[in-house]
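This report concerns only the one structure given below.
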Amino acid sequence: MHGPLWLILAFPLLGFLINGIFGNKFNRVTVSLVACGAVGISFVWSAVLFFRLIALPPESRIYVEKLFDWISAGKFNAAFSFYLDPLSALMILMVSGVGFLIHIYSHGYMGHDESYARYFSFLNLFTFSMLLLVLGANLLVLFVGWEGVGLCSYLLIGFWFTKKSASNAGKKAFIVNRIGDYGFLLGLFLIFVTFGTLNIAQITEQAPRLLASGGILVTIMTLLLFVGATGKSAQIPLYIWLPDAMEGPTPVSALIHAATMVTAGVYMMARMSALYMLAPLTMGIVAAIGALTAIFAATIALTQFDIKRVLAYSTISQLGYMFLACGVGAFGAGIFHLMTHAFFKALLFMGAGSVMHALSNEQDMRYMGGLKKKIPITFWTMLIATLAISGVPGFSGFFSKDEILWESFASPQGNILLWIIGVITAGLTALYMFRLIFMTFYGESRVKSHIEKHIHESPSVMTIPLIALAVLSVIGGYVGIPHLLDGSDRIGRFLEPSFAHFSESAIEGHHSAGTEWLFMIISVIIALTGIYIAYKMYIAKPELPVAFAKKFKGVYTVLYNKYYVDEFYGYTVVKPFIKLSRIMYNIFDRVIIDGSVNLIAYITEWTGEVLKWFQTGYVRHYIVTFMFGVVIILGYFIFR
Amino acid sequence: MQLAIFIIFAILCIFGSILVITLRSAVSSAIALVFVMCVIAGLFALVGALFVAALQVIVYAGAVMVLFLFIIMLLNLKEELISEDDKKFTRFLGIVLGTAFLFELAFFVRTALMRGSEALYEPVPKTLSSIAVISSELFTKFLFPFELTSVLLLIAIVGAILLAKKKNEK
Amino acid sequence: MSLGLAHFLVLSGVIFAIGVIGVIIRRNAIIILMSIELMLNAVNIALVAFSVYMRNMDGQVFVFFIITVAAAEAAVGLALAVVISRNRKSVDVDDFNLMKW
């Protein structure tokens with residue numbers, strides 16, 4: 001196994017620098033070529049390394065590459081090194097692959113934008129940061145990538161910064177992320193204090209020895225890391241930035257909030273599986289929060305009319321599934337769902353972008369409808385994605401979601417309650433997703449008349465990535481066919497060496513295959529029920545939604561206003577903080593700091609004022625001063 | 001014997017210098033200074049430094065002071081008026097400082113000669129005439145400063161002429 | 001007692017101090033220059049005294065140089081005084097206080 005790992009990172013970084021510095025002078029095609037080319041080369045090289053990795057026997061699929069010694073301070077040594085194992089190989093493929101498709105799509109979508117070069121340079125920087133994150137061999141390199149994606153999300157969400165809501169959204173994303181990062185850093189410190197190193201491989205190896213299973217140290221450590229994950233991956237309580245992040249360009253939403261950045265938290269948890277498996281309490285909390293977030297976001301998505309908001313809450317909900325998986329120890333299932341989710345969610349976002357492109361940036365679904373025949377490619381690809389996310393058998397989402405649902409019950413950390421929440425959420429998912437499809441593409445056209453004349457399908461540079469992702473959304477699941485269906489679960493076995501596992505004794509009873517079949521059938525039925533209800537409400541009897549809203553007015557209002565969480569945070573956190581900042585500004589900044597600087601200036605001035613009287617201009621005075629000095633010096637020598 | 005002569009000379013010297021700094025008329029001060037220089041030349045002769053004494057009279061009293069007198073008369077200096085002197089404090093301070101300085105010097109001299117002042121007076125050996133010795137030193141040990149001094153005098157001459165020349169304003 | 005080095009040094013100090021006081025007290029530039037000459041003479045006395053006392057001719061050679069340099073300096077100083085009096089019609093040092101703050 002050889003081949004420089006850093007090449008994967010070098011090209012996006014180079015793309016960022018070139019487009020960032022010279023992009024304004026290039027024409028649009030050149031900028032796109034540089035950016036897409038960079039990610040494309042990255043993808044090709046990732047594929048090459050992936051196949052080289054597979055060629056090795058499963059036990060030794062690890063490749064470490066050290067670039068240089070980075071920090072060497074006392075006992076703390078951190079090198080800038082990269083780590084390739086099944087997990088990171090899968091991640092780099094996904095990041096560069098989906099990223100590549102999104103870059104191509106952006107060429108079409110952002111074609112009329114003025115800050116073309118800036119967009120692509122940030123996009124490349126983001127890809128670089130994400131690759132750095134997943135390839136990091138120690139937590140410090142990971143953290144660099146972690147912060148990098150946070151920064152890029154700020155830059156890209158607030159891309160149209162002249163719009164107040166966009167710049168606010170960017171700030172919100174960054175600040176909420178920062179709060180999560182604070183917890184993450186504390187976790188890092190704790191890890192360093194315990195292990196003396198931040199190298200992931202060493203931590204994984206030493207964890208069972210140094211940490212008592214279920215002990216308070218490891219629990220706090222993992223909880224702190226999880227706080228960081230909730231920030232990045234938009235779980236309760238730090239998810240609030242993601243819906244607002246829809247202010248950014250739609251390809252940005254596709255890349256950052258569907259495929260890559262938000263998955264950083266899940267990746268981090270999977271990476272640190274050794275630690276998490278030693279902290280059952282944290283795992284329980286993670287699973288609970290994951291499940292709760294999933295159903296919470298799904299309920300909100302039912303009421304939203306902005307097509308991107310629905311997808312945003314859908315992302316939060318699906319991320320909840322992934323955390324649920326990690327929380328019950330099924331890290332492989334979580335990563336599998338991460339991969340399939342990347343495919344269909346990116347497709348959904350890009351499809352929404354295509355719809356918006358056709359409708360001259362109309363985002364409100366109430367003004368859509370009847371687009372099925374007019375933008376067919378968009379329609380069919382989005383339909384495929386929706387089927388995938390709803391967990392309809394045969395599509396990728398079915399396999400990954402089903403595995404998570406089964407593990408949420410069957411795993412030693414699993415619980416029937418978690419399964420119930422998961423299944424209900426699956427039903428809700430199908431419901432709101434098909435609501436989206438029906439409202440957007442079916443029925444009578446509610447499109448505003450001046451827009452209706454210009455409806456056109458997107459150019460092929462935008463539709464080809466859609467088609468590619470649609471194909472992946474179908475076949476992507478077949479690497480993880482469970483044993484139940486006579487599959488070999490290739491992806492599960494592939495990822496297995498990367499995670500820690502339950503000890504044999506923990507896997508108590510072997511749940512029968514019958515139970516597994518039962519649960520699978522129940523989840524499929526519930527998904528189909530969701531689709532049926534959506535059909536009933538939005539095609540057969542379109543008056544129903546309005547009637548429901550009126551009848552359950554209180555519930556509807558709460559859901560429509562996102563449970564008033566933002567307002568709650570604003571009142572309890574933001575307001576006191578602003579007040580405190582004001583006080584600090586008035587007292588500390590103005591009086592003390594400015595005051596002391598001004599004081600020094602004043603003293604200097606005053607000294608000058610006093611001393612100037614010595615410069616009288618009279619020679620005789622100067623001579624007197626001179627003599628004075630002589631007398632004093634001589635006197636000193638006399639009286640010494 | 002020597003001591004008596006010395007004391008007379010010393011008193012004359014001090015008296016003369018006080019006259020220099022206190023007389024109102026500039027010419028009178030200059031004359032007093034000439035007097036002081038001659039007395040000092042006498043002092044030099046008293047201890048046997050004949051060449052230096054001659055030098056003092058010829059160069060210092062004879063040339064430099066004449067120059068001073070020329071300039072005083074050229075500038076037509078009036079008598080210095082006391083009345084509008086508003087820097088009495090400076091004067092007072094000056095006298096105080098000068099006296100303090102003097103006492104400090106005296107202190108140094110006292111401590112330096114604690115062993116008691118040795119008999120100083122010795123007739124200069126006839127074999128060692130002062131001019132011969134000085135000149136031999138000048139042209140061997142102090143050759144370089146000697147030559148430099150001649151350059152310095154040249155510079156002074158040229159400088160003085162240039163500075164005092166009336167500019168032709170046409 | 002007999003004549004000793006101390007007498008000469010004390011005399012030299014007194015003349016020097018008088019010269020210093022003269023510089024401070026007087027306002028006329030020429031008188032100030034004369035006081036400076038007084039100071040130089042005081043130094044000459046001391047040097048000659050030391051030379052005889054140490055039986056070393058270096059002191060007298062040094063006096064030679066001092067006299068020469070004093071002459072040069074007096075010449076240049078007086079030329080300056082001439083120029084100043086030509087421009088400002090006065091050699092009173094209290095009139096030249098342009099360098100005040």
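The values are calculated or read from the model by the stated rules, or taken from the named source; none is laboratory data. A quick note: this is a predicted structure, and the numbers were derived from the prediction, not measured. When we count neighbours, we look across all protein chains shown, and the Cβ atoms used for this are built from the backbone with ideal geometry, even at glycine. Please note that ligands, DNA and RNA were not included when accessible areas were found on the heavy atoms of the full protein model with its side chains. Shrake-Rupley method; radii C 1.70, N 1.55, O 1.52, S 1.80 Å.
Of note:
- Hits in the range A:109-128 - residues which are surrounded by fewer than 24 Cβ atoms within 10 Å (Cβ to Cβ) and within 29 Å of A:Leu87 (Cα to Cα): A:Phe122, A:Leu125
Residue-by-condition table, conditions (1) assigned to a helix (DSSP H, G or I); (2) modelled with pLDDT of 90 or more; (3) in contact with a Leu (Cβ under 8 Å, 6 or more places away or on another chain); (4) not aromatic (Phe, Trp, Tyr):
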position: B:Ile8; (1), (2), (3), (4): yes, yes, no, yes
position: B:Val39; (1), (2), (3), (4): yes, yes, yes, yes
position: B:Gly42; (1), (2), (3), (4): yes, yes, no, yes
position: B:Ala45; (1), (2), (3), (4): yes, no, no, yes
position: B:Asp86; (1), (2), (3), (4): no, no, no, yes
position: B:Phe103; (1), (2), (3), (4): yes, no, no, no
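- No other residue among A:Val610, A:Val631, A:Val624, A:Val597 is open to solvent by less than 100 Å² (accessible area, probe 1.4 Å), more than 14 Å from chain C (Cβ to nearest Cβ) and part of a helix (DSSP H, G or I) apart from A:Val597.
- In the range C:1-56, residue nearest to the other protein chains (Cβ to nearest Cβ) [restricted to those that are touching a residue at least 60 places away in the same chain (Cβ under 8 Å) and in a helix (DSSP H, G or I)]: C:Ile30
- Selection within the range C:47-57: residues that are in contact with a Phe, Trp or Tyr (Cβ under 9 Å, 6 or more places away or on another chain) and open to solvent by 20 Å² or more (accessible area, probe 1.4 Å). The member of this set that is nearest to B:Leu33 (Cα to Cα) is C:Leu47.
- Taking the range A:388-506 as the region of interest, the helices (runs of 4 or more DSSP H) fully inside it that hold 2 or more residues being touching a Pro at 6+ places or on another chain (Cβ under 6 Å) and hydrophobic (A, V, I, L, M, F, W, C) are A:490-495.
- Single residue of the range A:312-339 satisfying the filter (part of a helix (DSSP H, G or I) and of a type in the set (Val, Ile, Thr)) that is surrounded by the fewest Cβ atoms within 10 Å (Cβ to Cβ): A:Ile316
- The set of residues in the range B:30-80 that are aromatic (Phe, Trp, Tyr) and closer than 18 Å to C:Ile45 by Cα comprises B:Phe35, B:Phe44, B:Phe51, B:Tyr60.
- B:Thr99 vs. criteria of a type in the set (Ser, Thr, Tyr) and either modelled with pLDDT of 80 or more or open to solvent by less than 90 Å² (accessible area, probe 1.4 Å) (or both): yes
- Matching residues in the range C:78-101 - criterion: being touching a residue at least 40 places away in the same chain (Cβ under 8 Å) and at the interface with another protein chain (Cβ under 7 Å from one of its Cβ atoms): C:Leu78, C:Ala81, C:Val91, C:Val93, C:Asp94
- Cross-chain or 6+ apart pairs with Cβ under 8 Å, the range A:29-56 first and at pLDDT 90 or above, then outside any helix (DSSP H, G or I) and open to solvent by 50 Å² or more (accessible area, probe 1.4 Å): none
- Note on the range A:529-566: residues that are closer than 18 Å to A:Gln304 by Cβ and of a type in the set (Ser, Thr, Tyr) total 6.
- Filter pass, A:Ile71 being buried (at least 20 other Cβ atoms within 10 Å of the Cβ), of a type in the set (A, V, I, L, M) and under 29 Å from the mean Cα position of the chain (by Cα): no
- In the range B:37-69, the residue that is surrounded by the fewest Cβ atoms within 10 Å (Cβ to Cβ) out of those that are at the interface with another protein chain (Cβ under 7 Å from one of its Cβ atoms) and β-branched (Val, Ile, Thr) is B:Val59.
- Single residue of the range A:363-387 satisfying the filter (farther than 14 Å from A:Ile467 by Cα and part of a loop (DSSP other than H, G, I, E, B)) that is nearest to the chain's Cα centre (by Cα): A:Gln363
- Applying the condition of being outside any helix (DSSP H, G or I) and not polar (S, T, N, Q) to the range A:288-311 and asking which residue is nearest to A:Gly414 (Cα to Cα) yields A:Leu302.
- Hits in the range A:1-33 (condition: closer than 20 Å to A:Gly108 by Cα and β-branched (Val, Ile, Thr)): A:Val29, A:Thr30, A:Val31
- Qualifying residue in the range B:70-79 (condition: more than 9 Å from every other protein chain (Cβ to nearest Cβ) and either aromatic (Phe, Trp, Tyr) or in a helix (DSSP H, G or I) (or both)): yes
- Criterion violated by A:Met221 - all others in (1) buried (at least 24 other Cβ atoms within 10 Å of the Cβ); (2) in contact with a Phe, Trp or Tyr (Cβ under 7 Å, 6 or more places away or on another chain); (3) more than 19 Å from A:Leu338 (Cα to Cα) satisfied: (2)
- The range A:164-207, residues that are small (Gly, Ala, Ser), surrounded by fewer than 22 Cβ atoms within 10 Å (Cβ to Cβ) and more than 22 Å from A:Phe80 (Cβ to Cβ): A:Ser165, A:Ala166, A:Ser167, A:Gly183
- Scan of the range A:407-420 for residues that are buried (at least 23 other Cβ atoms within 10 Å of the Cβ) and modelled with pLDDT of 85 or more, ordered by number: A:Leu418, A:Trp419
- Across the range A:280-305, the number of residues qualifying as of a type outside the set (Ser, Thr, Tyr), open to solvent by 10 Å² or more (accessible area, probe 1.4 Å) and over 18 Å from the mean Cα position of the chain (by Cα) comes to 11.
- Which numbered condition A:Leu131 misses (of (1) under 24 Å from A:Ile491 (Cβ atoms); (2) surrounded by fewer than 20 Cβ atoms within 10 Å (Cβ to Cβ)): (2)
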